[in-house]
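The values are calculated or read from the model by the stated rules, or taken from the named source; none is laboratory data. Here the structure is a predicted model, which means the values were calculated and not measured. Using ideal geometry, Cβ is built from the backbone for each residue, glycine included, and neighbour counts are taken over all protein chains shown. Accessible surface is based on the protein model in full, side chains and every heavy atom, while ligands, DNA and RNA are left aside. Shrake-Rupley method; radii C 1.70, N 1.55, O 1.52, S 1.80 Å.
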Amino acid sequence: PMSRVNIQQRQPMAYDAMFGLEKYLATSSIDEKLMELVRTRASMLNHCRFCLGRHRKAAISLGVTQEKLAALTDWQHSELFDSKERAALSMADAITHISICGLPEHIYSQATQFFTDDEIAQLIMLVSVINAWNRIGIATAV
């Protein structure tokens with residue numbers, strides 16, 4: 001296959017902006033394990049192998065089990081995820097596939113039971129940023 005552009009080398013300001021978003025996300029009050037579950041799930045849905053590997057490793061380093069990571073493929077039918085995790089994963093799925101039906105009211109409403117307005121804003125940004133990274137990774141064949 002043809003070698004693809006390395007955005008970090010060719011357009012470092014673009015990566016600087018993305019890393020700025022990551023720096024913002026590091027200030028989130030959302031639990032780090034949950035953030036890595038969300039990043040892993042979105043990367044799974046987008047078939048981004050690079051991000052998937054990176055965020056699986058990060059989740060494991062935070063204490064997420066291999067069993068739980070494996071269950072992410074069909075999290076809706078797994079008993080390994082609590083209600084808060086389910087709310088976040090529902091948001092991740094809906095926002096990752098936003099063109100299908102937007103962010104349905106029942107999913108947003110469910111999230112309000114577990115997350116503050118600030119955390120919902122952070123969750124939306126988290127999913128948006130990992131989706132951007134997935135698209136960059138896939139488009140540049142990282």
For this session: State which residue pairs qualify: first residue free of Cβ contacts under 8 Å to residues at least 60 places away in the same chain and closer than 17 Å to Trp75 by Cα and inside the range 45-62, second residue assigned to a loop (DSSP other than H, G, I, E, B) and not β-branched (Val, Ile, Thr) in any location, beta carbons under 9 Å apart, and separation of 6 or more residues or different chains.
Result: Leu45/His97
For this session: Quick one: which residue in Val38, Val5 is under 21 Å from Ile136 (Cβ atoms), out of contact with any Phe, Trp or Tyr (no Cβ under 8 Å at 6 or more places or on another chain) and either open to solvent by 60 Å² or more (accessible area, probe 1.4 Å) or basic (Lys, Arg) (or both)?
Result: Val5
For this session: Working only within the range 107-130, note down all residues that are among the hydrophobic types (A, V, I, L, M, F, W, C) and assigned to a helix (DSSP H, G or I).
Result: Ile107, Ala111, Ile120, Ala121, Leu123, Ile124, Met125, Leu126, Val127, Val129, Ile130
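Residue by residue, here is whether (1) within 17 Å of the chain's Cα centre (by Cα); (2) farther than 15 Å from Met35 by Cβ holds:
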{"residue": "Cys48", "(1), (2)": "yes, yes"}
{"residue": "Gly53", "(1), (2)": "yes, yes"}
{"residue": "Ile60", "(1), (2)": "yes, no"}
{"residue": "Leu72", "(1), (2)": "yes, no"}
{"residue": "Glu79", "(1), (2)": "no, yes"}
{"residue": "Lys84", "(1), (2)": "yes, no"}
{"residue": "Ile95", "(1), (2)": "yes, no"}
{"residue": "Ser109", "(1), (2)": "no, yes"}
{"residue": "Phe115", "(1), (2)": "yes, no"}
Exercise. Does the range 97-110 contain at least one residue that is open to solvent by less than 10 Å² (accessible area, probe 1.4 Å) and not aromatic (Phe, Trp, Tyr)?
Worked result: no
Seminar exercise, completed: Within the range 61-89, the count of residues that are of a type in the set (Ser, Thr, Tyr) and open to solvent by 70 Å² or more (accessible area, probe 1.4 Å) comes to 3
Problem set entry | Among the candidates Tyr15, Tyr24, residue that is exposed (fewer than 15 other Cβ atoms within 10 Å of the Cβ) and either in a helix (DSSP H, G or I) or in contact (Cβ under 8 Å) with a residue 60 or more places away in the chain (or both) | Tyr24
Exercise. Among the helices (runs of 4 or more DSSP H) contained in the range 34-106, which hold 1 or more residues that are among the aliphatic types (A, V, I, L, M) and farther than 15 Å from Ile120 by Cα?
Worked result: 49-61, 66-71, 98-101
Problem set entry | Qualifying position, being over 20 Å from Ile138 (Cβ atoms) and surrounded by 12 or more Cβ atoms within 10 Å (Cβ to Cβ), among Ala121, Ala92, Ala58 | Ala121
Problem set entry | Test: Glu32 is open to solvent by 80 Å² or more (accessible area, probe 1.4 Å), farther than 29 Å from Ala14 by Cα, free of Cβ contacts under 8 Å to residues at least 40 places away in the same chain and of a type in the set (D, E, K, R) | no
